[in-house]
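Notes follow the structure.
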Amino acid sequence: MNTPKTDWPTSLNDNELDELDRYLRAHAREGDLLLDGVHGMLSGLAVGPLQVLPEEWLPEVLHEPFANEEEGNRVLALLAKLNDSIEAELDVDAYEPILGEIDTEAGPALSAAGWCEGFSRAIDLRANLWEKRLADDSALMELLGPVMALAVDEGILSAEADFDKLSDEEYDECLAQVPSVLAAVGQYWHEHPVTEAEVEAMVQPSEENGTESTPPPRHRSGHWVH
C-alpha cells in the first residue's frame, strides 16, 4: 500500500518551502539557483547515472557562510528533506516540479526556466557520462525530449537548428510529461548502468583544465509554485 504524501517524514510542507525559498532569495547572487532551480537540480541528480554526494552539489546552492550554527542546521535540514522527498514522490507517482512564476504582459505565468536550469546543472556535474551516453544512445535523448524542449524554449539550452517557440498548449504538455520523463530516465540508468570504462574515462572539467566551469547567469524572477 502506498504511503500518503502527507505522511512522509521527508516531505516539506508549504511553510518549510516558503522558509527555504526566503533563505535562498535573501542570499542569491546573479545566476544563483532559487528554489525552483534547486528542485530541478536535485531531481536531475535523483535520476542520474551516478550518485552525487551533498558535498558536491551543496556548493551549487550555498555560496556564503551561515549566520550561525542554528541557521546552518536548519537550512541543511530543509535541503536534505527536499532531496529525500524527490525520490519518495517518484516512487509513488506523486512527483511535481517546483516552478517559478514570472510577470508577463498578460499577467503572472508559470515558468519552467529555473527548474530546467537546475536540471542542466545536474547534468553538468556528470557531464562526461551524460554527453557520451546521449551521443551513443538515441533512446536516452528521446526520453529527455519534453525536458529538452522546455529548456530550449526557455533559452537554457541552445539548439543547432532554429525552433519555433512552444505554444501555450505545447508548453503545458511538455510540463505535464516531466514526472514521467524523470521516471523513465531513472529506469534507463537502472537498466543500462554506467560501465567501468565510462567511469574511468570520466574527467571533471576542473581536473582537465585546472579551472572550474561556471554556468552563465540566467535571468528570471518569481516565486516557487508547487
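Only the coordinates and a few stated rules stand behind these numbers; no lab work does. All figures in this text were calculated on a predicted structure; none of them were measured in a lab. Reconstructed Cβ throughout: ideal geometry from the backbone, glycine too, with neighbour counts over all protein chains shown.
Under 13 Å from the Cβ of residue 130, count the other residues' Cβ atoms, weight Lys and Arg +1, Asp and Glu -1, and hand me the total.
Computed value for this residue: -1.
Return 116, 174 ranked ascending by Cβ neighbour count within 10 Å, so the fewest neighbours appear first.
Lowest count first: 174, 116.
What order do you get for 41-47, 128-134 when each peptide is scored by the mean count of other beta carbon atoms within 10 Å, highest first? Can you show the working numbers first?
Numbers: 41-47: 25.3, 128-134: 16.9.
Ranking the peptides 41-47, 128-134 by packing returns 41-47, 128-134.
Count charges around residue 22 for me, please; just the other residues with Cβ under 13 Å from its Cβ, Lys/Arg as +1, Asp/Glu as -1.
Spelling it out: positives minus negatives among the neighbours equals -4.
Considering only DSSP states other than H, G, I, E and B, which GluC sites (Glu not before Pro) in region 136-204 qualify as loop sites with at most 11 other Cβ atoms within 10 Å? Mind dumping the intermediate values first?
Details: sites: 142, 154, 160, 169, 170, 173, 191, 196, 198, 200; in loops: 154, 160.
Passing sites in region 136-204 are 160.
Once you order the gyration tensor axes a ≥ b ≥ c over the Cα atoms, which shape class does region 8-205 get: rounded for a/c under 1.5, otherwise prolate or oblate by comparing a/b with b/c?
Details: a/c = 1.58, a/b = 1.15, b/c = 1.38.
Note, shape of region 8-205 comes out oblate.
Amide H of residue 101 versus every other amide H placed in the peptide plane: which residues, excluding those fewer than 5 positions away on the same chain, fall under 5 Å?
Close amide H contacts, sequence-distant or interchain: 111, 223.
Working from the alpha-carbon coordinates of region 145-203, get Rg over Rh, Rh being the Kirkwood radius.
Details: Rg = 15.1 Å, Rh = 13.5 Å.
Result for region 145-203 is an Rg/Rh of 1.12.
Within region 2-99, list the trypsin sites (Lys or Arg not before Pro) lying in a DSSP loop whose Cβ has at most 13 other Cβ atoms in a 10 Å radius.
Listed in order of number, the matching sites are 29.
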